[in-house]
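Visitor: Pasting a structure here, questions to come.
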Amino acid sequence: MITIKGVLTRLTFQNPDNHYTVCKIKVGQIHEPITVVGHLAGVAQGESLTLKGKWISHPKYGDQFEVATYQVTLPATISGIRRYLGSDMIQGISKGLANRIVDTFKEETLEIIENDPDKLQEINGIGKAKQALIEKAWNKHHSVRRVMQFLQDNQVGALHAGPILKTYGSDALNVLKSDPYKIAKDIQGFGFRTADTIARAMGVEKEDKRRLGACLICQLILEEQEGHVYARKPQLFAACSRMGGVAKGLFEAPLIELANSKDVVIEGEEASTTVYLARLFRAETRIASRIKALLTLGTADYKISEEQIVEEVLTSLAVKLSQEQLDVVTQILQQKIAVITGGPGTGKTTLVRALCAVFRKLKLTVVLSAPTGRAARRLSEVTGKKAVTLHKLLGFDHESKSFERNFTNPLDLDVFVVDEASMVDTQLMYHLVEAMPAMACLILVGDTFQLPSVGPGNVLSDVIGSDRVRVFSLTKIFRQAKESPIVMHAHSIRNGEMPDFKAATPDKPSEFYFIENQTPQRVVETILELCSKRIPAAFPHIDEIQVLTPMHKGEAGTINLNQQLQSVLNNAKEGIESRGFVFKLGDKVMHLKNNYEKEVFNGDIGLVHEVSRSEGRVLVDYDGRIVSYDLLELDELTLAYTISVHKSQGSEYSAVIIALTTAHFPLLQRNLLYTAMTRGKHLVIIVGASRALEIAFQNNKTALRLSGLKEKLMAPQENTNCLI
């Protein structure tokens with residue numbers, strides 16, 4: 001590893017989330033400053049740095065020094081300290097005040113500011129308030145340096161500093177020293193190993209109860225990320241034994257301590273003991289108790305006849321309800337909570353529209369909502385009525401991670417319709433039912449055969465399976481839908497029957513095609529040809545065509561497919577680079593995380609409207625609304641020529657191309673195939689290997705998620721056989 005020393009002369013770029021930095025360093029007698037890249041938190045122009053790393057060659061920017069570790073070298077001489085403090089780096093210290101401080105404390109100046117700041121009050125012009133301001137400013141600037149140094153000393157990569165500092169601020173070093181395992185519990189994606197590396201370097205023993213307790217919590221978080229609401233104790237102990245490298249029996253005592261401290265909840269007897277994170281147990285228990293409580297209240301006696309319902313729907317929507325649809329509408333009016341479920345083409349949307357018309361006739365306030373922005377917009381389009389996301393409706397506060405609407409401040413509505421309810425996880429359902437007014441009705445609409453929620457639980461399936469609420473399962477496919485191979489193939493998959501995907505050929509036009517390609521390379525080549533030459537004849541607009549794939553990595557994953565499709569679909573010359581992507585005028589892009597300030601949400605897709613390299617700015621058009629991103633915000637964007645099947649939930653596209661290879665094996669399952677197929681309105685093309693198709697069809701493991709909601713809903717009273 002090469003070591004260089006120099007002065008930071010220019011901060012070209014720095015990501016505030018992970019502190020990835022591009023800067024210029026002036027080294028010794030070298031005339032031109034060198035370009036340095038890497039995770040450099042807490043550095044400022046004018047500071048002296050000692051950097052360790054290696055030289056790399058960037059194809060566009062030439063030779064760069066890539067930093068592995070670094071140190072901020074504070075000046076030791078009086079003249080150096082004078083320049084350092086007088087550089088406006090520390091708020092509250094002017095050039096004149098810096099001179100007075102250095103004249104008084106000489107070489108000990110920085111040591112006193114760092115470790116004995118009260119002495120600053122000996123300087124004329126520095127009172128208690130001024131001293132506190134200087135101390136706070138010094139700590140704010142140097143807390144980053146201290147955290148970076150601590151992580152490096154404990155063999156943890158510098159890229160972890162950003163999330164730690166963002167979470168704990170100036171208290172970060174205290175947290176790391178007092179309880180390093182806290183970062184694994186508090187910061188998503190950190191995991192046990194990073195925290196354990198720090199703790200073990202600090203001398204924590206392998207069998208320390210704090211370590212074993214953290215191991216249990218981290219494994220439960222991993223189970224949650226896999227979609228489980230709880231873990232079975234034997235499997236939990238076995239996984240923790242592998243993670244922590246100790247015997248399974250050692251986890252019994254730490255588990256009891258976690259239960260006593262209310263971090264976890266233990267439920268059930270010996271052989272069937274389950275372990276919950278306390279927040280998930282609370283959420284699941286409250287969903288069940290709240291639903292059962294609402295069901296006891298009954299519904300209002302709506303004065304409307306079947307003839308009036310038929311007339312209102314016909315007048316408002318120009319739709320004549322079938323007898324089955326009329327029966328469903330009539331019966332739903334008598335339900336406190338109801339579920340409408342069914343596959344494509346069975347009339348779920350028509351029923352929602354009809355219900356809205358009837359409730360409007362009854363002068364009831366109906367609110368439509370969905371879990372994602374895409375699903376809410378689609379619901380609004382098909383009903384002609386405003387629909388919003390659940391988070392927005394429930395008043396989610398991004399900073400505090402709390403919801404404004406709750407049991408004491410319920411929603412103002414008479415009927416609450418939630419579409420795409422299969423995407424609602426346990427935590428969100430908890431906040432949803434907590435905000436339900438006592439006298440209102442709740443209607444959940446969804447397809448249980450689609451991919452389950454990204455978050456933990458099988459909420460919609462559990463509600464249906466409990467038999468606590470009335471479920472209207474729509475099975476009749478309407479005549480127009482029967483003419484669609486997309487709908488019929490989807491129902492075949494749903495019913496466990498493998499369709500004849502090869503019935504359609506290029507010389508026999510259809511809405512559905514399967515194109516056999518055995519290798520990922522051929523899959524990519526075929527998709528490029530379809531998107532650039534064949535499909536645009538029927539669907540000329542880029543936002544009409546969506547490529548879907550199960551995974552991000554690999555040749556047929558989102559990352560490579562996006563880059564390949566961009567190269568053939570967008571010939572714009574210049575763009576702005578971020579995280580390996582170049583965003584160019586006309587690019588199809590997707591927003592990656594909820595941004596409440598910009599009112600753009602995870603999964604929203606738009607087109608790049610303008611690129612300004614001189615201003616470091618990208619403008620994106622989201623359905624006519626222009627949103628601006630500066631350089632530091634581009635990590636919220638990614639190319640969206642290809643997206644994952646999970647990201648496509650709740651959306652429909654005119655034409656869908658699905659990449660399916662055996663390299664996708666870890667994620668190939670029937671509900672993923674079904675979800676992908678049902679995203680297409682007019683054309684679906686599967687490009688891939690027959691074997692991958694067979695694997696996906698045969699793998700029907702939807703029910704493997706561990707959730708106790710169904711049992712809690714079925715129980716006549718709350719289960720008290722638990723340690724809380």
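The values are calculated or read from the model by the stated rules, or taken from the named source; none is laboratory data. Since this is a predicted model, take the numbers as computed values, not measurements. Using ideal geometry, Cβ is built from the backbone for each residue, glycine included, and neighbour counts are taken over all protein chains shown. With ligands, DNA and RNA removed, areas are computed over all heavy atoms of the protein, side chains included. Shrake-Rupley method; radii C 1.70, N 1.55, O 1.52, S 1.80 Å.
Visitor: With respect to Val600, determine if the residue is of a type in the set (Val, Ile, Thr), in contact with a His (Cβ under 8 Å, 6 or more places away or on another chain) and surrounded by 13 or more Cβ atoms within 10 Å (Cβ to Cβ).
Guide: Working: of a type in the set (Val, Ile, Thr): yes; in contact with a His (Cβ under 8 Å, 6 or more places away or on another chain): yes; surrounded by 13 or more Cβ atoms within 10 Å (Cβ to Cβ): yes.
It is true that Val600 is of a type in the set (Val, Ile, Thr), in contact with a His (Cβ under 8 Å, 6 or more places away or on another chain) and surrounded by 13 or more Cβ atoms within 10 Å (Cβ to Cβ).
Visitor: When only residues in region 356-388 that are β-branched (Val, Ile, Thr) and either at pLDDT 90 or above or over 19 Å from Asp447 (Cα atoms) (or both) count, which is surrounded by the most Cβ atoms within 10 Å (Cβ to Cβ)? I'd like the intermediate steps shown before the answer.
Guide: Filtering region 356-388 down to residues β-branched (Val, Ile, Thr) leaves 358, 365-367, 372, 382-383, 388.
Subsequent filtering for residues that are either at pLDDT 90 or above or over 19 Å from Asp447 (Cα atoms) (or both) retains 358, 365-367, 388.
Details: Val358: 23, Thr365: 14, Val366: 21, Val367: 18, Val388: 17.
Among those that are β-branched (Val, Ile, Thr) and either at pLDDT 90 or above or over 19 Å from Asp447 (Cα atoms) (or both), it is Val358.
Visitor: If you go through region 224-243 one residue at a time, how many are touching a residue at least 40 places away in the same chain (Cβ under 8 Å) and open to solvent by less than 40 Å² (accessible area, probe 1.4 Å)?
Guide: 8
Visitor: Give the residues of region 652-679 that are under 20 Å from Pro452 (Cα atoms) and open to solvent by less than 10 Å² (accessible area, probe 1.4 Å), sorted by residue number.
Guide: Ile658, Leu660, His664, Leu668, Asn671, Leu672, Leu673, Tyr674, Thr675, Ala676, Met677, Arg679
Visitor: Quick one: which helices (runs of 4 or more DSSP H) sit completely within region 343-412 and have at least 1 residues that are over 25 Å from Val328 (Cα atoms) and free of Cβ contacts under 8 Å to residues at least 60 places away in the same chain? Explain how you work it out, then say what you get.
Guide: On the way: elements: 348-361, 373-383, 390-393.
Once the helices (runs of 4 or more DSSP H) in region 343-412 are filtered for at least 1 residues that are over 25 Å from Val328 (Cα atoms) and free of Cβ contacts under 8 Å to residues at least 60 places away in the same chain, what remains is 390-393.
Visitor: Turning to a different aspect of this structure: Hey, can you tell me all the residues within region 90-100 that are touching a helix residue (DSSP H, G or I) at 6+ places or on another chain (Cβ under 8 Å) and either surrounded by fewer than 18 Cβ atoms within 10 Å (Cβ to Cβ) or at pLDDT 90 or above (or both)?
Guide: Once the filter is applied, which keeps residues that are touching a helix residue (DSSP H, G or I) at 6+ places or on another chain (Cβ under 8 Å) and either surrounded by fewer than 18 Cβ atoms within 10 Å (Cβ to Cβ) or at pLDDT 90 or above (or both), region 90-100 yields Gln91, Gly92, Asn99.
Visitor: Here is a further query. Of the conditions (1) in a helix (DSSP H, G or I); (2) under 30 Å from Arg146 (Cβ atoms); (3) open to solvent by 70 Å² or more (accessible area, probe 1.4 Å); (4) at pLDDT 90 or above, Glu205 clears all except one; give me its number.
Guide: (1)
Visitor: While we're on this one: Which condition does Glu311 not pass, out of (1) assigned to a loop (DSSP other than H, G, I, E, B); (2) open to solvent by 40 Å² or more (accessible area, probe 1.4 Å); (3) not β-branched (Val, Ile, Thr), if it passes all the others?
Guide: (1) is the only condition that Glu311 fails.
Visitor: Considering every residue within region 73-83, establish whether at least one is of a type in the set (D, E, K, R), in contact (Cβ under 8 Å) with a residue 12 or more places away in the chain, at negative phi and exposed (fewer than 11 other Cβ atoms within 10 Å of the Cβ).
Guide: Our first condition is that a residue be of a type in the set (D, E, K, R); within region 73-83, this holds for 82-83.
Restricting the remaining residues to those that are in contact (Cβ under 8 Å) with a residue 12 or more places away in the chain gives 82-83.
Subset that is at negative phi: 82-83.
Now drop any that are not exposed (fewer than 11 other Cβ atoms within 10 Å of the Cβ), which leaves none.
So far as region 73-83 goes, no, none of its residues is of a type in the set (D, E, K, R), in contact (Cβ under 8 Å) with a residue 12 or more places away in the chain, at negative phi and exposed (fewer than 11 other Cβ atoms within 10 Å of the Cβ).
Condition check ((1) touching a strand residue (DSSP E or B) at 6+ places or on another chain (Cβ under 7 Å); (2) within 27 Å of Lys710 (Cα to Cα); (3) among the charged types (D, E, K, R)) across all residues:
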site	(1), (2), (3)
Glu252	no, no, yes
Lys262	no, yes, yes
Val265	yes, yes, no
Thr274	yes, yes, no
Ala283	no, yes, no
Gln308	no, no, no
Ser316	no, no, no
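Visitor: Tally the residues that are open to solvent by 30 Å² or more (accessible area, probe 1.4 Å), within 20 Å of Pro456 (Cβ to Cβ) and not acidic (Asp, Glu), restricting the search to region 244-271.
Guide: Here the count works out to 2.
Visitor: May I ask you to verify whether Gln698 is under 27 Å from Asp604 (Cα atoms), free of Cβ contacts under 8 Å to residues at least 40 places away in the same chain and in contact with a helix residue (DSSP H, G or I) (Cβ under 9 Å, 6 or more places away or on another chain)? Working first, answer last.
Guide: Details: under 27 Å from Asp604 (Cα atoms): no; free of Cβ contacts under 8 Å to residues at least 40 places away in the same chain: yes; in contact with a helix residue (DSSP H, G or I) (Cβ under 9 Å, 6 or more places away or on another chain): yes.
So Gln698 does not fit the description; no.
Visitor: Could you tell me which of the residues Ala184, Ala161 is assigned to a helix (DSSP H, G or I), in contact (Cβ under 8 Å) with a residue 60 or more places away in the chain and either more than 27 Å from Val43 (Cβ to Cβ) or within 26 Å of the chain's Cα centre (by Cα) (or both)? Please lay out each step first, then the result.
Guide: On the way: Ala184 fails: in contact (Cβ under 8 Å) with a residue 60 or more places away in the chain.
Among Ala184, Ala161, only Ala161 is assigned to a helix (DSSP H, G or I), in contact (Cβ under 8 Å) with a residue 60 or more places away in the chain and either more than 27 Å from Val43 (Cβ to Cβ) or within 26 Å of the chain's Cα centre (by Cα) (or both).
Visitor: Follow-up. Let me spell it out: the conditions are (1) closer than 30 Å to Leu173 by Cβ; (2) surrounded by fewer than 21 Cβ atoms within 10 Å (Cβ to Cβ); (3) modelled with pLDDT of 95 or more, and Leu216 meets all of them except one. Which number is the exception?
Guide: Going through the list (1) closer than 30 Å to Leu173 by Cβ; (2) surrounded by fewer than 21 Cβ atoms within 10 Å (Cβ to Cβ); (3) modelled with pLDDT of 95 or more, Leu216 breaks only (2).
Visitor: Another question, if that's okay. Answer with yes or no whether Leu49 is over 27 Å from Leu165 (Cβ atoms), in contact with a Gly (Cβ under 7 Å, 6 or more places away or on another chain) and not basic (Lys, Arg).
Guide: No.
Visitor: On to the next question. Name the single residue, out of those in region 440-483 being polar (S, T, N, Q) and touching a Lys or Arg at 6+ places or on another chain (Cβ under 9 Å), that is surrounded by the fewest Cβ atoms within 10 Å (Cβ to Cβ).
Guide: Here the answer is Ser466.
Visitor: Going through region 179-189 one residue at a time, which ones are farther than 13 Å from Leu216 by Cβ and open to solvent by less than 20 Å² (accessible area, probe 1.4 Å)?
Guide: In the first step, residues of region 179-189 are kept if they are farther than 13 Å from Leu216 by Cβ; the result is 179-180, 182-183, 186-189.
Listed by number, the residues that qualify are Pro180, Ile183, Ile187.
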